[in-house]
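Colleague: Got a structure for you, written out below as structure tokens; questions coming shortly.
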Amino acid sequence: MPFKQPKKVDKLHPESYESKWQEKWQKEKVYQPDIKKAPKPFYNLMMFPYPSAEGLHVGNMYAFTGADIYGRFMRMKGLGVFEPIGLDGFGIHSENYAIKIGKHPAQQAKVSQQNFYRQLTSIGNGFAWESKLETYDPAYYKWTQWIFIQLFKRGLAYRKKSPVNFCPSCKTVLSDEQVIEGRCERCKSVVEKREMEQWYFRITAYADRLLKDLETLNWTNKVKVAQRNWIGKTEGLLEDWQIDGMDVKLTTFTTWPHTSWGSTFIVISPEHPIISTLVKGTSYEKGAKEFCKIVISENKKDPQAAIKDKKGYFIGRFAINHLTGWKMKIFIANFAVMEFGTGIVKCNPAHDQKDFEFAKKYDLPIVPVIVPKDGKPLDPKKLDHAYIGEGVMEKAGEFTGMPTEKAKGLIADYIINKGNGKKTVTMHLRDWCISRQRYWGPPIPMIYCDACKKWYPVAEEDLPVKLPFIKNYQPTGTGKAPLAQDPDFYHVKCPHCGGQARRETDVSDTFLDSAWYQFRYPSTRCAASGQVPWDPEITKKWLPVNIYIGGAEHSVLHLLYSRFITMVFHDMGLLDFDEPFTRFYAHGLIIAEGAKMSKSRGNVIIPDSYIKKYGADTLRTYLMFLGPFDHGGDFRDTGIAGMYKFLSRVWRLANSVILNPDTIGTKNLKNTKAMHRCIKEVTEDLENLRYNTAIAHIMEYVNQLTENNPPADGQITEKHIKSLLLLLAPFAPHMTEELWQEIQLTVNSKQKTEKEVFNSIHKYPWPSYDEKFLVEDQTIIVVQINGRLRDSFSIQSPKAALQEEVEKKAKSSAKVQKHLEGKTIRKTVFVPGKLINFVV
RNA sequence: GCCUAGGUGGCGGAAUUGGUAGACGCGCUAGCUUUAGGAGCUAGUGCUUGCAAAAGCUUGGGAGUUCGAGUCUCCCCCUAGGCACCA
């Protein structure tokens, strides 16, 4: 029968089947595992979106598609895949958007929810829709509040008055993690320091564990590195310096104890309280005060000021160098940071660039104590920058001549033994400031009683503390949350004495909402036990999460907080593991037409119009083909058209088989070999989330199948086509389902009946390959002369392993002979089945 | 400054343990097809020289190890991300 190509099938027409299958999948619960009984549970989690702004953008879709493909692959490999989705809808992101468009956050949430769920359906992910959750649902945040209470009861939530980060635009305090280069991570306003009393979570108590466990986690390395940097554990030495003529000691922190032999002055942070003691009643008092005032305000205005210009003020005092006996001038200096170490620094200008610049400016002694590795001692008069490398000690008493690597520890011990120091560890990590003076979040479930002068948690049976619907939800900027204007909300009785008490009116940070959602998903449809937010049996079955896919921008926020909260649950005896995500994979970022996507540039790509034009399958496959999943890629309109073309080719190929069963044959070894190779390669690629190369291999396979166009009768088997569809199914779930069902009906000549069980392609077993088809009977041998390619030929595979045969054939080549002419072969390198190299 | 990834055609990107660099796709060129547009099909496409056959060059730069280096070693440059007045 001649090949015919009916017009109506020459292109994809996603609008006719994508939503049809989405509905069918949902109706048939194709992606809803049996939470209680699924035999091989596989928890495939992706970071749930903030439903702010106009909707899902193509970056979200990139992440979700990549995660979904892995889930679909695992499902076809026979695992009980659980792939839930929800909305991280509480918090500043959503609230700011609501304010911007003049809507009440609670009302906007409903609109956003509908829009996001519509979009999330349209991208064709295999979500377990029955397990969705929203963080602003009282049934959810009841437990967020419960968590706060548990931490309070264990002494891990506490109040403290200290300088906090305050964003003047968002009108709330922020955690350290939400301040990027001195600016608010959301609105980029310069963050102010304010002295306020706030609730904190004692995450620092877990610093060592958070650090140590990293080694055991299968996470994208850069995220582990970022967490390690953020925790910022530094081991060093605290060193005491006696002040000349005063019974006061200054304590400094250093990681280079051996350079104390060359310490010639000391600087103090202008914020340090000890300054007033040192200058009290001296002629330097007034000047010091003024200097501090100026420098503090300069640093606040421009955090980079001190880098540009180092400034100091001599306060008329000297400290004694406990190693050398030198009198060292003491300065207040703008580059000394109160938050790091002790806020006081011993300075060794020969071996620290900052100290060097300062010493030059104020004409302070520069004494090198390290001879560089080249053996030439440094001449302080000729130095134009500090020497910060390793070397050998000089002018260091009994340590002179010792390599610095060794001296570092020994000199530290020496200082400690003389009573002038002790070992210490500093951390960059600070406790997590959890209070927010905003409206759209879970009210912190605490009550303050004036009579008892004490904070009490809300009784657990009274949870949730519902967020009331109030008209004045806008942030106030006064340091009080909007709820503080609602007496009905905050007037409560003291749980202890029954007297008039006041509810906390701040809400908790959004990152608390998302720190525990992975535990809630599997249990959303089961009543929690009453004691904990999940069903313990179900949690045991599904957690920890098998693979978590999301953006690396959450390295030190969500991913750190979530680990911390999990450790607390573990310590409470509620979980038998203490890491929530055994594997975390950070996907890359999508840029558009070569530029970063941003609202201000106006190049944010919303997937909807592309889905409408090309279908979700095309967009999904295109996004995955852009580049390695952990690199991201550049979204271009011409590229997506190319993918539409490719899928249309697959569409035509499969349809040619459906419509012309006669073209299906049983024998074409070339095609069968290509199929087995393709199955092997795609399987290995998917196991490693190498989606771009998996698609390339499918393309090669399609190129092979369509080598003869139109295909000759009998060249393509049903299995060739079915394997193609199965391999493509995770990428293009709708069109493969459509074609699969068609083939089942047409090729197998089955009659469609109403009662027939729906056998989705997405539950069909992943195809397997047979090694015997991977063996090629012809092998290509490369002939090199002095390592340069001169010729190649193919030879029967068994013979390709015999040097004698290969050498004979190689030497018979005219091209090779030309290059060998008049030369003697000095050596022959033979790699069986690969190449032969003549060295002349 | 420190830490972590990277640097391959016009572009996105492929390359097992060192063994044919440039898979796959985009773009481009020519031809066919279509009323036209779009689309489709066929062929070509790293660079230089050459009518051609062919030769030379080529994985950020430089050195080294090797019969043979994108891959290994050393030095340098650049880009992206993280941390940073960090002692």
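Colleague: Using a Debye calculation, one point per C-alpha and no hydration shell, please list log10 I(q)/I(0) for chain A at q = 0.07, 0.11 Å⁻¹ in order.
Modeller: At q = 0.07, 0.11 Å⁻¹ the computed log10 ratios are -0.76, -1.23.
Colleague: A further question on this structure: Considering only chain A, what is the antiparallel percent among its DSSP beta bridges, to the nearest 5?
Modeller: Antiparallel: roughly 70 percent of the beta bridges in chain A.
Colleague: Here's a follow-up. Top to bottom by accessible area (1.4 Å), largest first, where do A:448, A:691 land?
Modeller: So the residues, ranked largest to smallest area, are A:448, A:691.
Colleague: Could you sort A:454, A:811, A:596 by their accessible area in this structure, using a 1.4 Å probe and putting the largest first?
Modeller: Listed by decreasing accessible area, they come as A:596, A:454, A:811.
Colleague: Separate question: For chain A, which whole percent of the accessible surface, found with a 1.4 angstrom probe, sits on carbon and sulfur atoms?
Modeller: The value for chain A is 51 percent carbon and sulfur by accessible area.
Colleague: Hey, what angle do you get for helix A:669-687 against the long axis of chain A, alpha-carbon based, 0 to 90 degrees rounded to 10?
Modeller: Approximately 20 degrees, to the nearest 10.
Colleague: With the cut-off at 24 Å, tell me which of the pairs A:77/A:722; A:289/A:422; A:233/A:354; A:308/A:346 have Cα atoms farther apart than that.
Modeller: Among A:77/A:722; A:289/A:422; A:233/A:354; A:308/A:346, the Cα-Cα distance tops 24 Å for A:289/A:422.
Colleague: Provide the per residue accessible area, probe 1.4 Å, for the stretch A:109-267, rounded to a whole number of square angstrom.
Modeller: 40 Å²
Colleague: According to the square roots a ≥ b ≥ c of the eigenvalues of the Cα gyration tensor, what is the shape class of the stretch A:308-388, taking rounded for a/c under 1.5, prolate for a/b larger than b/c otherwise, and oblate for the remainder?
Modeller: Prolate is the answer for the stretch A:308-388, as a/c is 1.5 or above and a/b outweighs b/c.
Colleague: I need the shape label for the stretch A:540-699. Rule: rounded when a/c is under 1.5, else prolate if a/b > b/c, else oblate, with a, b, c from the alpha carbon gyration tensor.
Modeller: Oblate.
Colleague: A follow-up question, please. Kindly express, to the nearest 10 degrees and within the range 0 to 90, the angle between helix A:404-417's C-alpha long axis and the longest C-alpha principal axis of chain A.
Modeller: Computed tilt is about 40 degrees.
Colleague: When the helices in chain A are scored as -39500 (n - 2.57) per DSSP H run of 4 or longer and the sum is shared across all residues, what 222 nm value do you end up with, to the nearest 500 deg cm²/dmol?
Modeller: Rounded to the nearest 500, it is -10500 deg cm²/dmol.
Colleague: Rolling a 1.4 angstrom probe over the protein chains, ignoring ligands and nucleic acids, what is the accessible area of residue A:502 in square angstrom, nearest 10?
Modeller: 80 Å²
Colleague: Using θ = phi - 60° and the Karplus relation 6.51 cos²θ - 1.76 cosθ + 1.60, list the HN-Hα couplings for the stretch A:173-182 in order, rounded to whole Hz, with x at every Gly or Pro.
Modeller: 3J(HN,Hα) across the stretch A:173-182, in whole Hz: 7, 10, 7, 4, 5, 8, 10, 10, 6, x.
Colleague: Also, I was wondering about something else. Taking chain A as the reference, fit the longest principal axis to its C-alpha atoms, fit the long axis of helix A:637-659 to the helix C-alpha atoms, and give the angle between the two in degrees, 0 to 90, nearest 10.
Modeller: Tilt of helix A:637-659: around 30 degrees.
Colleague: Rounded, prolate or oblate for the stretch A:485-552? Axes are the square roots of the Cα gyration tensor eigenvalues, ordered a ≥ b ≥ c, and the cut-off for rounded is a/c under 1.5.
Modeller: oblate
Colleague: While we're looking at this one, here's another question. Round to the nearest 10 and report in Å² the accessible area of residue A:23, as given by a 1.4 Å probe over the protein chains' heavy atoms.
Modeller: For residue A:23, solvent-accessible area is about 120 Å².
Colleague: Tell me the per residue accessible area of the stretch A:270-387 using a 1.4 Å probe; a whole number in Å² is fine.
Modeller: Per-residue value: 54 Å².
Colleague: Leaving out ligands, DNA and RNA but keeping every protein chain, what accessible area does residue A:290 have, in Å² rounded to the nearest 10, with a 1.4 Å probe?
Modeller: Solvent-accessible area, nearest 10 Å²: 100 Å².
The values are calculated or read from the model by the stated rules, or taken from the named source; none is laboratory data. Just so it is clear, the structure is predicted and the values come from calculations on it, not from any experiment. Side chains included, ligands, DNA and RNA excluded: accessible areas come from the protein's heavy atoms. Shrake-Rupley method; radii C 1.70, N 1.55, O 1.52, S 1.80 Å.
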